[in-house]
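Quick note: the coordinates plus some simple rules give every number you see, no bench work behind them. Everything numeric in this text was worked out from a predicted model, so none of it was measured. Every residue, glycine among them, receives a Cβ derived from its backbone with ideal geometry; neighbour counts consider all protein chains shown.
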Amino acid sequence: MIDSHAHYDDSRFDSDRDKVLQDCVEHGVTHIINAGSNVTSSEKSIELTKKYSFIYASVGIHPHDVAEAEDDAIDKLITLSKEEKVVAIGEIGLDYHYDFSPREVQREWFARQIALARKLKLPIIIHDREAHKDILDIIKSENAREVGGVFHCFSGSKEMAREVLDLGFSIGIGGALTFKNAKKPVEVVDYVPLDMLLVETDCPYMSPEPFRGKRNWSGLIKYVLEKISEIKKIDYFLAESQTGANAIDLFKL
Ligand code: NI
């Protein structure tokens, strides 16, 4: 199993990080992409890649954090991106649900980090919350298609999924697919071809059923894969191996 989006640098893992990561290996997790959300967390992600052979990192500034970002953050990200196991720029994007950073600042940093990804020839990991139109507009105007990437924790409709696929981007699916009231995610998984789907935890957040509300970890991805195989009426191991191959391909693991 490959977890294409996790946050093991989060303080909620401080008391037992080593044990949780050991459990991941014992439960068949072969690769984890740890997503940075600011310069410090990107540095911590890289530290994790050095400690664990199966962890890879993305570096970037999350829309929540851009208001606080320093002027030299892009230069710092360039330096960090030179590290061996950095495979993407992210997570980057727009969050109009919480609006922790002014929207104009979010858009500016999203565009700036797409330009960075193009310069470095790295795919992007996109965070899109209630900002579908602006996200698609900026992806088009900044020509993000050149590097591609994934819409992590995809929350859009089937129609939006079609636009995302047309732009050449993959769709990241996490615990929300398993929630009892999940309707849109089920339609999206049914619609999107298996070779464009990635699976992820976004841990410590977004635990799947029956663990909703508890701390998430990569071993729980199997509940997401089970749901995908049920919706697409395919074998569990096909869902696991194809989504894994998709991640290997996109991030060149
Ligand atoms: Ni995340």
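Assuming 0.36 nm per residue, please report the length gained on full extension of the stretch Arg212 to Glu47 beyond their Cα-Cα distance. Intermediate results must be reported in sequence, preceding the final value.
Details: separation 165, 0.36 × 165 = 59.40 nm, distance 2.91 nm.
Net length gain for the segment: 56.5 nm.
As I understand it, the dipole of the chain uses +1 on the Cβ of Lys and Arg and -1 on the Cβ of Asp and Glu, about the Cα centre. Which of Tyr52, Val164, Asn38 lies farthest toward its positive end?
Val164
Mind giving me the nanometre distance, one decimal, between the label points for Ala182 and Ile234, set 7 Å out from Cα along Cα→Cβ?
So the two model labels end up 1.6 nm from each other.
Mind listing the long-range amide H neighbours of Thr201? Cut-off is under 5 Å, sequence gap 5 or more, other chains count too, H placed in the peptide plane at 1.01 Å from N.
Ser4, His5
Pull out a ≥ b ≥ c, the square roots of the eigenvalues of the alpha-carbon gyration tensor of segment 72-131, then state rounded if a/c is under 1.5, prolate if not and a/b is larger than b/c, and oblate in the remaining case.
Numbers: a/c = 2.39, a/b = 1.88, b/c = 1.27.
Cα axes put segment 72-131 in the prolate bin.
Convex hull volume of the Cα atoms in the chain, per residue, in Å³?
Values: hull volume 28.4 nm³, N = 253.
Dividing the Cα hull volume of the chain by its residue count gives 112 Å³.
Give the long-range amide H neighbours of Gly93: residues separated by 5 or more places, or on another chain, with amide H under 5 Å away, using H modelled in the peptide plane at 1.01 Å from N.
Amide H neighbours of Gly93, under 5 Å, 5+ apart: His127.
How would you order 144-151, 189-196 from highest to lowest mean count of nearby Cβ atoms within 10 Å?
The packing order, highest mean first, is 144-151, 189-196.
Starting from 0.36 nm per residue, how many nanometres of slack lie between Asp190 and Ser15 once their C-alpha separation is accounted for? Spell out each step's value before the answer.
Details: separation 175, 0.36 × 175 = 63.00 nm, distance 3.86 nm.
Length gained, Asp190 through Ser15: 59.1 nm.
At a Förster distance of 30 Å, what's the computed FRET efficiency of Asp72 paired with Tyr98, Cβ-Cβ distance as r, to 0.05?
Numbers: r = 26 Å, r/R0 = 0.85.
Calculated transfer efficiency: 0.70.
Quick one: Cα centre-to-centre distance for segment 102-119 and segment 18-39, in angstrom?
If we compute the Cα centre of each part, the gap is 27 Å.
Place a +1 charge on the Cβ of each Lys and Arg in segment 104-150 and a -1 charge on the Cβ of each Asp and Glu, then give the dipole magnitude about the Cα centre in debye, rounded to the nearest 20.
With only Lys, Arg, Asp and Glu charged at Cβ, the dipole is about 260 debye.
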